[in-house]
Amino acid sequence: MNTPVVSVFAGGTSAEREVSSASGAACASALACSFTTRLFPVVADALPEGFDPSRHVVFSTLHGTFGEDGGMQRLLDRVGGVYAGCDAASSALTMDKSLTKKTVSALGVPVVDGIDFDADSKPAADLVARRLGARVVVKPNGEGSSVGLRLADDLAGLAAALDAVTTGRWIAERRIIGREVSVGVLRGRAMGIVEVRPKSGVYDYSSKYTKGLTDYLAPAPLEDALAARIKAAAETAFGACGCRDYARVDFMISGEGEPFLLEINTLPGMKETSLLPMSARCVGLDFKALVREMVSPAVERFRTASVPLRP
């Protein structure tokens, strides 16, 4: 039976390189308990030197542009590389927050009302406020880890947030004041729900990656009916977007108890203290068991592929 080397891709060229490097190191260490493993630092928008598709199965921890948006996945597809996680099409879809919302809302998953726009044709603040109110979230359409996130509490703040937008595609969304939760999905099934409580009140980049600035409740203290709704919505969104193997789905729960999908993360943070591992621990999977389950479908795809191992 063909037994591949599990090759962990980490680093990359996006604004989330530092986060990816930490995820990659943690996953490579954990995967080495179950597989022959090699860590590949990615330093360019290209396959890393030494990668061999006839021997290696990729477990990518690349976040953000090129790593999570289908770019690396397309390169792997061209050379017949086998990799864990979502394929190129699903990765590209879920990296586009606006398209994700349209896709999942078509199947009844509630999403936050918003306006998507290009930086060179951004709407005036008063027009945004007329539709969404003055309390608005302004964020890039294709970044993760809260990179570029701006919050407005009034018209002046909204105008300032829009003025700061200079390039790229963006979304302005009605700001929901409520509870933020995240749920991991493994092989199409939702795991535990984690509640995120940033001490600042905003789960921005600093709150995510500075120790002590956020409290996490796993499992989240939710009524059974609401927890079931969130898990069902996560599974529906996962399937609607053509996701494969695993993902993390994030929601905001309004003060009225309505869960709204924020986004789907196909390559989420993967340190032991990250949200997806927290979700997995709620259902009895420790970090080593989780990463083994995450990569196992790809190992099976490799074994059934037609490309033989080189002697």
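The values are calculated or read from the model by the stated rules, or taken from the named source; none is laboratory data. Treat the numbers as computed from the prediction; the structure is a model and nothing was measured. Here Cβ is always computed from backbone atoms with ideal geometry, including for glycine, and neighbour counts include all displayed protein chains.
Before moving on, here are some points about what is shown:
- Within the stretch 50-85, considering residues that are acidic (Asp, Glu) and at pLDDT below 95, the one farthest from the chain's Cα centre (by Cα): 69
- When 235, 272, 256 are checked against the criterion of being under 19 Å from residue 289 (Cα atoms) and either hydrophobic (A, V, I, L, M, F, W, C) or not in a strand (DSSP E or B) (or both), a single residue qualifies: 272.
- Meets criteria (under 24 Å from residue 257 (Cα atoms) and among the β-branched types (Val, Ile, Thr)) for residue 138: yes
- Each residue in the stretch 173-187 was checked for being charged (D, E, K, R) and either crowded, with 23+ Cβ neighbours inside 10 Å or closer than 25 Å to residue 239 by Cα (or both), and 4 of them qualify.
- Test: residue 88 is modelled with pLDDT of 95 or more, touching a strand residue (DSSP E or B) at 6+ places or on another chain (Cβ under 6 Å) and of a type in the set (Gly, Ala, Ser): no
- Single residue of the stretch 273-288 satisfying the filter (over 15 Å from residue 245 (Cβ atoms) and aliphatic (A, V, I, L, M)) that is nearest to the chain's Cα centre (by Cα): 275
- Qualifying residues in the stretch 82-122 (those that are in contact with a Ser or Thr (Cβ under 8 Å, 6 or more places away or on another chain) and of a type in the set (Val, Ile, Thr)) - the one surrounded by the most Cβ atoms within 10 Å (Cβ to Cβ): 94
- Pairs where the first residue, in the stretch 98-115, is in contact (Cβ under 8 Å) with a residue 60 or more places away in the chain and the second is part of a helix (DSSP H, G or I) and among the hydroxyl-bearing types (Ser, Thr, Tyr), C-beta under 8 Å, 6+ apart: 100/94; 104/236; 107/236; 108/236; 109/236; 111/105; 114/98
- Among the candidates 138, 79, 43, the residue that is among the hydrophobic types (A, V, I, L, M, F, W, C) and surrounded by 21 or more Cβ atoms within 10 Å (Cβ to Cβ) is uniquely 138.
- Scanning the stretch 102-133 for residues that are under 18 Å from residue 252 (Cβ atoms) and of a type in the set (A, V, I, L, M) yields 104, 109, 111, 112, 115, 132.
- Selection count, the stretch 27-48, where residues are farther than 19 Å from residue 74 by Cβ and either among the charged types (D, E, K, R) or in contact with an Asp or Glu (Cβ under 6 Å, 6 or more places away or on another chain) (or both): 1
- In the stretch 47-74, the residue that is nearest to residue 246 (Cα to Cα) out of those that are touching a strand residue (DSSP E or B) at 6+ places or on another chain (Cβ under 9 Å) and of a type in the set (D, E, K, R) is 68.
- Taken together, the residues in the stretch 1-49 that are closer than 17 Å to residue 85 by Cβ, within 17 Å of the chain's Cα centre (by Cα) and polar (S, T, N, Q) amount to 3.
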